[in-house]
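Asks: Quick one: this structure, given as structure tokens, is what I'll be asking you about.
The values are calculated or read from the model by the stated rules, or taken from the named source; none is laboratory data. The structure presented is a predicted model; accordingly, all values stated were derived computationally and were not measured. Here the Cβ is made from the backbone with ideal geometry for all residues, glycine too, and neighbour counts use every protein chain on show. Just so you know, the surface numbers come from the protein's heavy atoms only, side chains and all, with ligands and any DNA or RNA stripped out. Shrake-Rupley method; radii C 1.70, N 1.55, O 1.52, S 1.80 Å.
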Amino acid sequence: MAACTAAQQLLLVLSALGLLAAGAPQPPNIVLLLMDDMGWGDLGVNGEPSRETPNLDRMAAEGMLFPSFYSANPLCSPSRAALLTGRLPIRNGFYTTNAHARNAYTPQEIMGGIPNSEHLLPELLKKAGYTNKIVGKWHLGHRPQFHPLKHGFDEWFGSPNCHFGPYDNKVKPNIPVYRDWEMVGRFYEEFPINRKTGEANLTQLYLQEALDFIRTQHARQSPFFLYWAIDATHAPVYASRQFLGTSLRGRYGDAVREIDDSVGKILSLLQNLGISKNTFVFFTSDNGAALISAPKEGGSNGPFLCGKQTTFEGGMREPAIAWWPGHIAAGQVSHQLGSIMDLFTTSLSLAGLKPPSDRVIDGLDLLPTMLKGQMMDRPIFYYRGNTLMAVTLGQYKAHLWTWTNSWEEFTQGTDFCPGQNVSGVTTHTQEEHTELPLIFHLGRDPGERFPLSFNSDEYQDALSRTTQVVQEHQKSLVPGQPQLNVCNQAVMNWAPPGCEKLGKCLTPPESVPEKCFWAH
């Protein structure tokens, strides 16, 4: 028999998964809704008492809720790099080696970005005929070689970074907004955000971009990938005039209500166009709620400890909902350990594509879980910078290191875990536990407050299993070049005491103290 063509192979894969709906265009459309700093506890379906997310709650009721779904990092940019590559930030280069493990991306200082050697999801989806659009925050590099249209996207409306600011000087200018290759304005200028009232029309602009793209691609009968990466819930939070003052939760709640309304409109359009059964939609967040901005501009992490920037559950456990009418049965709750990196592999599977075979892919294909209820054993690794801080296996989480933020920051009012001090756990120095990890049973103790007794049989059994997983992971790990160590010398005009000013901000050689290299 003659070998199958690529198209025939795709049809066979889709048929085996039961995805061939009569008359539906193939392969299915993919819509990934990625929020910014939105917490696990912000959804009514997860117990938020004000119940102000009716559309997201309905999405969960019509699809599958993942209560144990994780980011790949407790900060924005590494998490986004992980989603689009299916790989841990330590592998794809979106991390730092500086001693403070602060791996945020700010364009005034950081000059690195997503390496050309990485294969991004939109690049791969183009092989299956997808048209790809990003709406909102890119955050994987602002220099020309890192532009999203050079990495598989066909369209972009948004910004290379978050809406920080306002910056009103030449050293730190306001963040630009792009339509495809053209800069069309800046935040706080052509795209105003009122810092006093919180009023901004950005979410409505982002919503319209999504709706227009869906309509256009439907008319073209072209499979599409929409990556809707908006940032209204990242401080300074904002909402449009019609939503301001409408939430019981204040301005942050106003932003959540507008997001919920927008998601409802996106799902309704898919249904009205008759393509909901041929469109896979997934909703999640890039990291936990930023408690440093709470209570006025930060969300809720529910019962979990701490928040953004930490590797406690509040920093990396995310709200997560899969929706695909006619394929994912309604009203499902899966306790599968999921990761934002799984969206890469699952999306490729939907398109009938295989992940790249020349590199380690950390994401799993969740279609067997979503369609057939299958459960898969897998670890969740928690990194800060290049340090493996913790690992979860099943219900057990082992902390190899504990740290919130430094005493210096804490005494100056910066607190990543406000009101959540747990003695010996929420430490303000970097405490190593690699020989005797702190182990928690997340089913009984989701708040990570009661570590298992070192002498118990339960501890010894959990230690044995997690130690093996960590050793296998670290033995085969090949770190990528740390892109968030590549700094802009024009603004790096300070060095720690005892350090000479260096010509480059790169991975330090052994002869130079690590504290001489920094990234913000």
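Asks: Compute the FRET efficiency between TYR167 and ALA329 as 1/(1 + (r/R0)^6), taking r as their Cβ-Cβ distance and R0 = 51 Å, and round to the nearest 0.05.
Replies: That pair, TYR167 with ALA329, gives E of 0.55.
Asks: Pull up the cross-link candidates among the aspartates and glutamates for LYS126, meaning alpha carbon to alpha carbon under 16 Å and not fewer than 8 places away within one chain.
Replies: Within the straight-line limit of under 16 Å, LYS126 reaches these aspartates and glutamates: GLU118, ASP154, GLU155.
Asks: Figure the gain on full extension for LYS127 and LEU371 (residue separation times 0.36 nm, minus the Cα-Cα span) and round it to one decimal in nm.
Replies: Full-extension gain reported as 85.4 nm.
Asks: If you don't mind, there's one more thing I want to ask. Relative contact order for the chain using alpha-carbon pairs under 8 Å, separation at least 6, rounded to a whole percent?
Replies: Answer for the chain is 24 percent.
Asks: Going down the table (LYS150/LYS265; LYS133/LYS308; LYS308/LYS397), which pairs top 21 Å between alpha carbons?
Replies: LYS150/LYS265; LYS133/LYS308
Asks: For the stretch 387-476, divide the Cα radius of gyration by the Kirkwood radius and give the resulting Rg/Rh value with two decimals.
Replies: Taking Rh as the inverse mean 1/r over Cα pairs, Rg/Rh reads 1.00.
Asks: Please give every one of the aspartates and glutamates within straight-line cross-link reach of LYS296, meaning a C-alpha to C-alpha distance under 14 Å, and leave out same-chain neighbours fewer than 8 residues apart.
Replies: ASP37, ASP42, ASP254
Asks: Need one number: % antiparallel among DSSP beta bridges in the chain, to the nearest 5.
Replies: Taking every DSSP beta bridge with both residues in the chain, the antiparallel ones total about 50 percent.
Asks: Given the whole protein assembly as supplied and a 1.4 Å probe, what does the accessible area of VAL478 come to in Å², nearest 10?
Replies: Number for this one is 110 Å².
Asks: Taking 0.36 nm per intervening residue step and subtracting the Cα-Cα distance, what contour gain separates VAL184 from GLN412 on full extension?
Replies: So the chain would gain 78.2 nm between VAL184 and GLN412.
Asks: Under the rule of -39500 (n - 2.57) per DSSP H run of 4 or more residues, summed and divided by the residues of the chain, what mean residue ellipticity at 222 nm is obtained, to the nearest 500 deg cm²/dmol?
Replies: Numbers: 12 runs with 124 residues, N = 520.
That calculation yields -7000 deg cm²/dmol at 222 nm.
Asks: Once the piece of chain linking VAL360 and SER464 is laid out straight, how much longer is it, given 0.36 nm per residue of separation minus the C-alpha distance between them?
Replies: Extra length from VAL360 to SER464 when fully extended: 35.0 nm.
Asks: Continuing with this model, one more query. Which residues make up the longest stretch of the chain that has no trypsin sites (Lys or Arg not before Pro) in a DSSP loop with at most 10 other Cβ atoms within 10 Å?
Replies: Result, exposed sites excluded: 197-443.
Asks: Taking the alpha-carbon centroid of each part, what is the distance from the stretch 354-429 to the stretch 450-470 in angstrom?
Replies: After rounding, the separation between the Cα centres reads 17 Å.
Asks: For the chain, with all protein chains present and a 1.4 Å probe, just round the carbon and sulfur fraction of the accessible area to a whole percent.
Replies: Within the chain, the accessible surface is 52 percent carbon and sulfur.
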